[in-house]
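Worksheet: the structure to be examined is printed underneath.
The values are calculated or read from the model by the stated rules, or taken from the named source; none is laboratory data. The model shown is predicted, which means the values in this text are computed figures rather than measured ones. All Cβ positions, glycine included, derive from the backbone under ideal geometry; neighbour counts span all protein chains shown. Ligands, DNA and RNA are excluded from the accessible area calculation, which covers all protein heavy atoms including side chains. Shrake-Rupley method; radii C 1.70, N 1.55, O 1.52, S 1.80 Å.
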Amino acid sequence: MSIITVGNLTKYYGAELIFRNVSFQIARGDKAAIVGVNGAGKSTLLRIIAGQETPTAGGVHLARGARLAYLAQEARFDSRRTLLEEMHASLAYLNALRDEIIALETTLTDSARPDHDDLMERYGEALHCFEHAGGYDIDRRIAMILDGLGFTAAQRHEPVARFSGGQKTRAALAAALLADPDVLLLDEPTNHLDLAALEWLERYLRDWDGTLIVVSHDRYFLDRVTTRTLDLAFNRLDGDYPAPYQRYLELKAARLELQLKQYRAQQEEIARTEEFIRRFKNSQLSKQARGRERRLERLKEGWEGGSGRTEGLIARPEQQKKLAFKLGSNLRGADLVLKIEGLTIGYERPAADAQPLTLLHVPDLEIWRGQRVALMGPNGCGKTTLLRTIAGDLPPLRGRARLGSNIKIVYYAQAHEGLRMEQTIIDEIRRIRSDMKEAEARTLLGRFLFSGDDVYKRIADLSGGERSRVALAQLMLLGGNLLVLDEPTNHLDIDAREALETVLNEYDGTVLFVSHDRYFVDAVADTIWMVRDGAIEVFDGTYSGYVAARDAASDTGALPTNGLQKREPAHEPRAVSSAKEIRALNREQEREERRRQRRLAALEEEIAGLEAKLRDLEEALNAASAAGDVQRVTSLGIEMVEVQETLDVRYNEWAAIAV
């Protein structure tokens, strides 16, 4: 049974079309994700369903009596209430039920009332609803949800108006969960959540029996929570898939592949028909040629028969524009890229006699050339401060982070502090490379999805995603051999995140990064530094491997021996033992093997693309030859030779690496 029906929704902002004729139904208990690139209209659609915005056309029907809660991306609290008071205020439905139950209990004392039976029935319904919604367990539920979302006991008594933006969003999420609605609408609920809160929210929503519609760029979250995916693209609902995110990608790829085959087959049939018409229109077969011409016109115009059979042109599958760039460096630095020794990070306090604010004592750590290290941990543990200290933006309180010989750091700041807000996009790019001509800068920006007059927009007027793309373009121009990245996926849509994953995996330098995107971490990192309880756990492996090791450790009560180590801060320098050198050599060999596998995968993908291109060229050459098009035959023949030569080179490279 449907709890939400969306019918032919169309939305314009002025003359700009956001989407048209979007229709779908949501059944009770569905857990659906809305996905799409930035600007596709996901948040707009969610606001329309929530009744926060009016569509240009169409409508939304919510089942009678169904209660709905909506979490916006940016939460606002205007009152002076404390966090606990806000949580109790969010329970308006339960409070109303409780008041109704109390009133009914008073009324039912008069058993002579003619409507006594009806009131008794309503009293039973109200009691059931109150119990089912957790009315007898309010304090425990509030504590459970606030703990799960990372609020401390002290924060419960603080005014929400004093909270940071991220804390307010978490408070709004807690209020939405406490309301226990029939339908929960969440817009980017994983923003501002650390790893522990993310995992708690996933478990909570999986076990919750209500209806969920969520917009999120967190692919791990979508895979663990949702069972249905609505694909919003090209100003329409481009697909409705009964599957979580990863399975949706497979189903979509299969659908597009089938559509492309059908499109090509139809185009080939059209070409054969047009050739028949051209050759025989004025011959003895003119009657057949005219008949085929009428059928072809009917196909191109679209035709629907009386039996409901339709014919029309099959559209070529549309493809979203994607980021297209590469990172590289001409610098060959030392094998030991970074060595951390006795490092303590934090901030000096303004008062002369005040003790510095210490955030983290960092153990002795090393990063080697080609390594990809993900720094993870709870909010506020010092991850960004550590990156800024390594990058030289902040002085250490004690110890040092020493770079190897000929190592050039390029730092990507989470809040894009390096961008000059008053500059235009193109000027900000040319500031990094002053000798770059405007045409060259435009070409570069086109690879980051900026075109036309977009390049003259001020940085201050850009969205978070657009600023991220400008910062990535600068990153490409700076050409360091050690990338230090603080939340590089923030504000990027899923397509852009996947493009960045590919770029970093093909990058020939070293990467140290902070990210809450577990899917991104799993795709890029070969080493995990996890900040936990004032120490750093170092795991030589992927994030999935780390989770498996962590879970195994919690089951057995002991740390596993496959790479997970808890490293306390070192107070005295220690001599390097031969065993340590052997372990370092083994780790380097493992990293080399991972790099080899990444290069093999990239080559195999390129080879597959070249082979497909060669087949397409061969088909085109045959068609041009049959048509007697000498000029096209010549150009296609030259292109085939060039593609074959490139393919031979890639075959040789693959064979050399695969041995």
(message) Straight-line reach only, C-alpha to C-alpha below 30 angstrom: list the lysines that Lys300 could link to, leaving out same-chain residues fewer than 8 apart.
(response) Lys11, Lys252, Lys261, Lys281, Lys287, Lys321, Lys613
(request) Have a look at the DSSP beta bridges in segment 377-514 and tell me what percent are antiparallel, nearest 5. (result) 10 percent
(request) Could you order Arg80, Arg632 by accessible surface area, starting with the largest, using a probe radius of 1.4 Å? (result) Arg80, Arg632
(request) Using just the helices of the chain, give the 222 nm mean residue ellipticity in deg cm²/dmol: DSSP H runs with n ≥ 4 each add -39,500 (n - 2.57), and the total is spread over all residues, rounded to 500. (result) -15000 deg cm²/dmol
(message) Can you tell me which aspartates and glutamates have their Cα less than 18 Å from the Cα of Lys408? Leave out same-chain residues fewer than eight positions away.
(response) Asp335, Glu366, Asp393, Asp486, Asp508
(request) Please name whichever of Leu45, Ala92, Leu360 sits farthest to the positive end of the charge dipole of the chain, dipole taken about the Cα centre and charges placed at Cβ: Lys and Arg +1, Asp and Glu -1. (result) Leu45
(message) Under the rule of at least 5 residues apart or a separate chain, name every residue whose amide H is placed under 5 Å from the amide H of Leu375.
(response) Phe513, Val514, Ser515, Trp529
(message) Let me check the size of segment 127-249 from its C-alpha atoms; what are the radius of gyration and Dmax in Å?
(response) 16.0, 48
(request) Give the percent of DSSP beta bridges with both residues in the chain that are antiparallel, rounded to the nearest 5. (result) 55 percent
(message) Once ligands and nucleic acids are excluded and a 1.4 Å probe is used, how much of Asp364 is accessible, expressed in Å² to the nearest 10?
(response) 50 Å²
(message) For a quick size check, give me the Cα extents of segment 400-466 along its three principal axes, largest first, whole Å.
(response) 46, 26, 19
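With charges set only on the Cβ (+1 for Lys and Arg, -1 for Asp and Glu), what does the dipole of segment 209-325 come to about its Cα centre, in debye to the nearest 20?
On the way: 24 positive and 18 negative charges, 147 e Å.
Here segment 209-325 has a charge dipole of around 700 debye.
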(request) State the answer as a single residue: which of Trp303, Val641, Gln246 lies farthest towards the positive end of the charge dipole of the chain, with beta carbon charges of +1 for Lys and Arg and -1 for Asp and Glu, about the Cα centre. (result) Val641
(message) Going Cα to Cα from Lys31, which lysines come in below 18 Å? Please leave out same-chain ones fewer than 8 positions away.
(response) Lys42
(message) Taking the Cα centroid of segment 223-261 and of segment 9-70, what is the distance between the two, rounded to the nearest whole Å?
(response) 18 Å
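Based on the inverse mean of 1/r over its pairs of different Cα atoms, what is the Kirkwood hydrodynamic radius of segment 292-348, in Å? The partial results should precede the final answer.
Values: mean 1/r = 0.0522 Å⁻¹.
Taking every pair of different Cα atoms in segment 292-348, averaging 1/r and inverting gives 19.2 Å.
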(message) Solvent-accessible area of Glu611, probe 1.4 Å, all protein chains present, reported in Å² to the nearest ten, please.
(response) 60 Å²
(request) Order Met120, Met436, Met476, Met1, most accessible first, counting only protein heavy atoms with a 1.4 angstrom probe. (result) Met1, Met120, Met476, Met436
(message) Taking the solvent-accessible surface of protein heavy atoms with a 1.4 Å probe, what is the per residue accessible area of the chain in Å²?
(response) 51 Å²
(message) Keeping all protein chains in the complex and leaving out DNA, RNA and ligands, what accessible area do you get for Leu237 with a 1.4 Å probe, in Å² to the nearest 10?
(response) 40 Å²
(request) Would you please give the residues with an amide H less than 5 Å from that of Val337, counting only those at least 5 places away or on a separate chain, with H modeled from the backbone geometry? (result) Ile367, Trp368, Arg369
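Pulled fully out, how much extra length does the chain show between Glu274 and Lys326, if you take 0.36 nm times their separation in residues and subtract their Cα-Cα distance? Before the final figure, lay out each step's value.
Details: separation 52, 0.36 × 52 = 18.72 nm, distance 4.36 nm.
Separation in residues times 0.36 nm, less the Cα-Cα distance, equals 14.4 nm.
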(message) What is the distance in Å between the Cα centroid of segment 342-380 and that of segment 442-475?
(response) 32 Å
(request) Could you calculate the contour length gain from Asp629 to Glu366, that is, 0.36 nm times the residue separation minus the distance between their Cα atoms, to one decimal place in nm? (result) 88.4 nm
(message) Using only the alpha-carbon atoms, what does segment 254-402 span along each of its principal axes? Please give whole angstrom values in decreasing order.
(response) 103, 40, 24
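Taking the Cα centre of segment 456-550 as the origin, how large is its charge dipole in debye, to the nearest 20, when only Lys and Arg (+1) and Asp and Glu (-1) carry charge on their Cβ atoms? Walk me through the numbers before you get to the answer.
Working: 8 positive and 16 negative charges, 66 e Å.
Around 320 debye, computed over segment 456-550.
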(message) Given Cβ point charges of +1 (Lys, Arg) and -1 (Asp, Glu) and nothing else, what value in debye, to the nearest 20, does the dipole of the chain about its Cα centre take?
(response) 1640 debye
(request) Would you please give the residues with an amide H less than 5 Å from that of Gly239, counting only those at least 5 places away or on a separate chain, with H modeled from the backbone geometry? (result) Asp231
(message) Accessible area of segment 51-106 with a 1.4 Å probe: how many percent of it is carbon plus sulfur?
(response) 49 percent
(request) Over every pair of different alpha-carbon atoms in the chain, take the mean of 1/r and invert it; report that Kirkwood radius in Å. (result) 29.5 Å
(message) Residue by residue through segment 82-88, what is 3J(HN,Hα) from phi via Karplus (6.51 cos²θ - 1.76 cosθ + 1.60, θ = phi - 60°)? Round to whole Hz and write x for glycine and proline.
(response) 6, 4, 4, 5, 5, 5, 5
(request) Could you please put Thr226, Thr358, Thr106 in sequence from largest to smallest accessible area, using a 1.4 Å probe? (result) Thr106, Thr358, Thr226
(request) Specify which residue in the list Trp529, Phe513, Val503 is farthest towards the positive end of the charge dipole of segment 494-553, using unit charges on the beta carbon of Lys, Arg (+1) and Asp, Glu (-1), about the Cα centre. (result) Trp529
